[in-house]
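Structure record follows, encoded as structure tokens.
The values are calculated or read from the model by the stated rules, or taken from the named source; none is laboratory data. Because the structure is a prediction, the values reported are computed rather than measured. Here the Cβ positions follow ideal geometry from the backbone for every residue, glycine too, while neighbour counts run over all protein chains shown.
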Amino acid sequence: MKFIEDIFNKLRPDFEKGGKFEFFYPLFEAKETFLFIPAHRTKSGAHIRDAMDSKRLMSTVIVALIPPLLLGIFNVGYQYLKAAGQPIEFISAMLLGLRYVLPIIIVSYAVGGVWELIFAVTRKHEINEGFLVTGLLFPLTLPPTIPLWQVAVGISFGVVIGKEVFGGTGMNVFNPALVGRAFLFFAYPAQISGDKVWTVTKVDGFSGATPLLVASDHQSDSVISAIQSYGIEAGLADFSLPNMFIGLIPGSIGETSAAASLIGCIILIATGIGSWTIMLSVALGGLAMTLGLNALAPNDASFLALPFHYHFVTGGFAFGLVYMATDPVSAAATSIGKWIYGFLIGAIAIIIRTLNPAYPEGMMLAILFMNAFAPLIDYLVIQKHIAWRMKRAKA
Amino acid sequence: MSNFSLKQGYDIQLNGESKKDIEPLPIPKLFGIKPNEFKGIKPKVVVKEGDLVQGGAPLFVSKDNPDHCFTSPVSGKIKEIKRGHKRVLELISIESDENNDQIKFKSHSPEVVSSLTRDELLPDLMKSGMLAVFRQRPFDNVADPLVKPRDIFVSTFDTAPLAPDSNLIVKDNESYFQAGLDVASRLTDGKVHLSINGKRNDVSPAFSQAKNVAIHQFSGKHPAGCIGVQIHHISPINGRHDVVWYTTVQGLISLGKFFINGTCPNDIVVSISGSAATDRKYFKTYLGANIESIVRGRTEGDSVRYISGNVLTGKKVDAIGFLGYYDSMITIVPEAITPEFVGWMRPGINKLSFYRSYLSSLMPGKKFSIDTRLNGGHRAFVTTGDYEKVLPMKIYPLFLIKSILAGDIEEMEKLGVYEITEEEIALCEFICPSKGNLQDIIRYGLNLIEKEG
């Protein structure tokens with residue numbers, strides 16, 4: 001790899017201070033550190049450093065995103081073939097899925113990447129690798145039918161308003177990917193909600209609701225049987241519990257499979273990158289709130305009567321729990337704070353789902369809501385800590 | 001005896017441990033004292049280049065208290081008084097006459113030592129420069145003779161990577177060590193707290209059966225051996241004026257020798273360790289000895305870094321530099337030279353990491369030979385909750401760091417800045433994926449407080 005090294009060494013003076021491309025140093029730095037761990041030596045403090053850096057950190061999250069990504073791609077093709085009444089083959093489903101999902105991901109990375117670069121260059125800092133995660137998380141939260149220009153607008157809003165206006169990576173209050181999604185959700189609701197957008201299809205007038213939509217609006221005696229029987233009649237969907245767990249149902253690209261998210265969850269916890277505290281507390285919060293609402297449900301037909309395992313496998317609950325709630329920048333930073341933060345996300349997500357008929361999916365809003373409160377939670381935890389210090393000093 | 005079992009921490013597994021064997025070295029030709037190692041004093045030089053000095057003769061004194069001296073370790077000629085930026089005094093080097101001629105101070109029998117009063121001890125401690133074996137917290141300044149410390153703390157074990165074994169250092173010096181403890185106990189109205197390693201069952205009786213002290217047992221990974229962590233658990237520092245002193249095993253041995261023999265002892269034991277060192281063992285050498293006299297012929301590789309101290313908190317020194325006054329080890333590690341192609345994408349069998357994202361985490365007990373690579377670029381703080389895993393103190397390191405970056409002194413005080421120094425935060429710095437310079441930040445915060453208020 002000596003020749004690549006030589007190229008970089010030759011180009012370096014042009015990009016460093018005083019060079020003709022000084023302006024684009026962040027781009028040079030990003031490419032160089034992508035290919036090499038440079039021999040930059042420690043200058044002060046600890047003489048040796050951990051092998052973990054932000055590239056490794058973010059790429060581990062990317063690896064954890066691969067299961068929902070692959071399953072999402074397959075599922076887009078699967079739903080297409082199913083709606084068209086064609087036989088389902090693995091290869092053709094994957095190819096169809098790629099045909100629709102890949103452009104969305106490419107647009108997300110390309111447009112978001114340009115914004116990253118613009119801010120890195122004008123602010124004169126390195127390109128932060130966190131965008132690699134945002135750029136993939138965002139498309140996975142979108143329906144496969146999303147117009148590409150909306151992807152571009154959404155990621156732009158997410159990166160610029162969600163992150164850069166707060167000062168860039170590490171300073172943002174909200175998760176940028178969710179800010180982008182929330183923007184699209186409120187600005188262009190027709191393309192991101194309802195029963196027409198979750199399946200890519202050429203069949204005219206096709207409608208394919210998500211299980212949550214069914215649960216919020218049905219005529220059956222029991223909410224469970226309403227979900228389970230929904231697709232069966234039309235032969236279009238199978239909302240059985242195992243099928244919803246695996247994720248072969250209509251929905252946003254990456255969120256349909258609780259199973260894939262759980263594999264990602266295992267990767268994140270095993271490597272110590274994702275906070276298990278937050279994941280567990282989101283689940284506990286959701287469970288506690290569901291049990292409470294189950295007790296309040298007037299009858300079995302009510303959305304309130306839906307048991308927790310249904311909530312877990314439908315919509316973005318599992319995906320949000322594993323990948324969104326755990327974003328360390330927008331989450332609470334103290335360990336007690338993480339328990340409170342996660343618990344409230346789970347609880348609020350269920351409240352929004354069941355008590356607010358306008359939004360059958362509550363995970364995104366719950367996480368954004370708690371993002372806003374995370375600094376307050378930390379503040380209270382820190383104040384408590386300071387009070388303990390004061391008390392200790394007097395003792 | 002109280003027991004503390006600390007859960008948080010991390011032992012960095014490095015190759016290059018020293019053999020438990022002490023080799024005496026001849027007295028070196030060149031010595032150096034670095035005045036900026038004695039934090040908190042404004043040094044005023046009292047010698048000129050070319051002057052002849054005896055061991056124990058003052059080289060410089062504190063501007064605020066001219067009786068508080070810092071002395072020459074050996075007899076010889078002042079070779080150079082080196083000043084740096086803004087005329088800050090950087091180095092006083094002494095060419096040894098190889099006679100090791102020492103000024104005589106009062107000597108005492110061991111029994112008498114334990115009955116001397118603080119007022120009887122202090123004048124000799126200040127005049128001989130021996131007071132410098134004590135440092136104080138908060139701030140990690142050299143002990144101020146005008147302050148009576150609440151307590152005095154001693155850690156008898158070092159958990160830092162490749163740290164020397166104090167059992168070996170105290171061997172044959174047990175009575176001096178106890179005399180040192182006796183002296184320390186006279187300098188405070190409080191207690192002398194002695195911490196011993198709870199993970200070992202062969203702790204030297206000089207430590208486990210020490211008299212005139214309160215003994216505490218600490219078990220845990222690094223930084224369980226750090227004095228700040230121990231103070232936090234035994235009897236925490238509660239404010240700026242809650243001053244405690246601390247010293248080391250070698251410091252106490254020297255102190256004992258000084259009062260019993262009546263001369264400033266200048267012999268110390270230093271270990272050589274690290275993956276770029278050969279002939280790794282312990283050497284009996286001298287305070288302020290030049291590095292080359294110790295490491296010559298004991299390194300391998302073209303480009304190595306000499307560190308006076310351990311890999312986390314030690315100072316980089318040139319071969320022609322000098323051993324730090326408070327250091328009892330020299331670590332030699334390879335410098336990073338060649339870039340590593342797609343390093344961050346590799347499975348990482350040879351990558352040392354606190355996290356579990358490299359394959360090496362599946363090989364517990366494996367030891368690593370790593371170089372001085374930063375392993376990444378400086379980034380904004382992103383992750384949370386990691387620092388806490390390696391800092392066994394009830395403190396919020398990230399919030400403290402941020403309050404320092406914001407220059408908010410009141411907030412720093414509330415968050416416990418007085419309990420922390422570079423030593424305690426160093427492991428957080430090691431594991432930081434954003435490669436923040438946390439030790440510098442902590443020192444910046446402490447300096448800011450000292451300067452402004």
Could you give me the residue pairs with C-beta distances under 6 Å whose first residue belongs to region A:95-114 and is more than 19 Å from residue A:160 (Cα to Cα), whose second residue is not in a helix (DSSP H, G or I) wherever it lies, and which are 6+ apart or on separate chains? A:100/A:144; A:100/A:200; A:101/A:253
Which numbered condition in (1) in the same structural domain as residue B:427 (by TED's automatic domain parsing); (2) crowded, with 23+ Cβ neighbours inside 10 Å is the only one that residue B:385 fails? (2)
Flag if residue B:111 is free of Cβ contacts under 8 Å to residues at least 12 places away in the same chain and either surrounded by fewer than 22 Cβ atoms within 10 Å (Cβ to Cβ) or closer than 23 Å to residue B:184 by Cβ (or both): yes
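Return the total of residues in region A:355-371 being part of a helix (DSSP H, G or I) and over 17 Å from the mean Cα position of the chain (by Cα).
Number of matching residues: 1.
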For region B:225-237, state whether one or more residues are over 27 Å from residue A:389 (Cβ atoms), of a type outside the set (Phe, Trp, Tyr) and at pLDDT 95 or above. no
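Mind counting the residues in region B:340-360 that are part of a loop (DSSP other than H, G, I, E, B) and more than 7 Å from chain A (Cβ to nearest Cβ)?
Number of matching residues: 4.
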Among the residues of region B:195-242, the number that are assigned to a loop (DSSP other than H, G, I, E, B), over 20 Å from the mean Cα position of the chain (by Cα), in contact (Cβ under 8 Å) with a residue 60 or more places away in the chain and over 22 Å from residue B:445 (Cβ atoms) is 3
All conditions in (1) within 24 Å of residue A:303 (Cα to Cα); (2) of a type in the set (Gly, Ala, Ser); (3) within 14 Å of chain B (Cβ to nearest Cβ) are true of residue A:222 except (3)
Might you let me know whether region A:163-182 holds any residue that is without any contact (Cβ under 8 Å) to a residue 60 or more places away in the chain and hydroxyl-bearing (Ser, Thr, Tyr)? no
Members of region A:238-247 found to be assigned to a loop (DSSP other than H, G, I, E, B) and surrounded by 20 or more Cβ atoms within 10 Å (Cβ to Cβ), listed by number: A:239, A:247
Consider residue A:251 carefully, then state whether it is closer than 20 Å to residue A:138 by Cα, small (Gly, Ala, Ser) and not in a helix (DSSP H, G or I). yes
Being away from every other protein chain (no Cβ under 11 Å), out of contact with any Pro (no Cβ under 9 Å at 6 or more places or on another chain) and aliphatic (A, V, I, L, M) narrows it down to one residue among B:333, B:295; which is it? B:295
A careful count of residues in region B:361-385 that are more than 7 Å from chain A (Cβ to nearest Cβ) and without any contact (Cβ under 8 Å) to a residue 40 or more places away in the chain gives 5
Based on this model, can you work out whether residue A:158 counts as of a type in the set (Gly, Ala, Ser) and within 17 Å of residue B:379 (Cα to Cα)? no
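Taking region B:377-427 only, how many residues are aromatic (Phe, Trp, Tyr) and under 19 Å from residue B:7 (Cβ atoms)?
2
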Need the failing condition index for residue A:292 against (1) more than 30 Å from residue A:208 (Cβ to Cβ); (2) buried (at least 20 other Cβ atoms within 10 Å of the Cβ), just the number. (2)
If we take region A:257-354, then helices (runs of 4 or more DSSP H) inside it with 2 or more residues that are of a type in the set (Phe, Trp, Tyr) and within 15 Å of residue A:245 (Cα to Cα) are A:308-313
Residues in region A:49-68: is at least one among the small types (Gly, Ala, Ser), surrounded by 21 or more Cβ atoms within 10 Å (Cβ to Cβ), touching an Asp or Glu at 6+ places or on another chain (Cβ under 6 Å) and in contact (Cβ under 8 Å) with a residue 60 or more places away in the chain? yes
Every residue in region A:30-48 that is at the interface with chain B (Cβ under 7 Å from one of its Cβ atoms) and either at pLDDT 75 or above or not in a loop (DSSP other than H, G, I, E, B) (or both), please. A:33, A:35, A:36, A:37, A:40, A:41, A:42, A:44, A:45, A:46, A:47, A:48
Quick count over region B:166-190, residues being within 19 Å of residue B:271 (Cβ to Cβ) and outside any helix (DSSP H, G or I), is 3
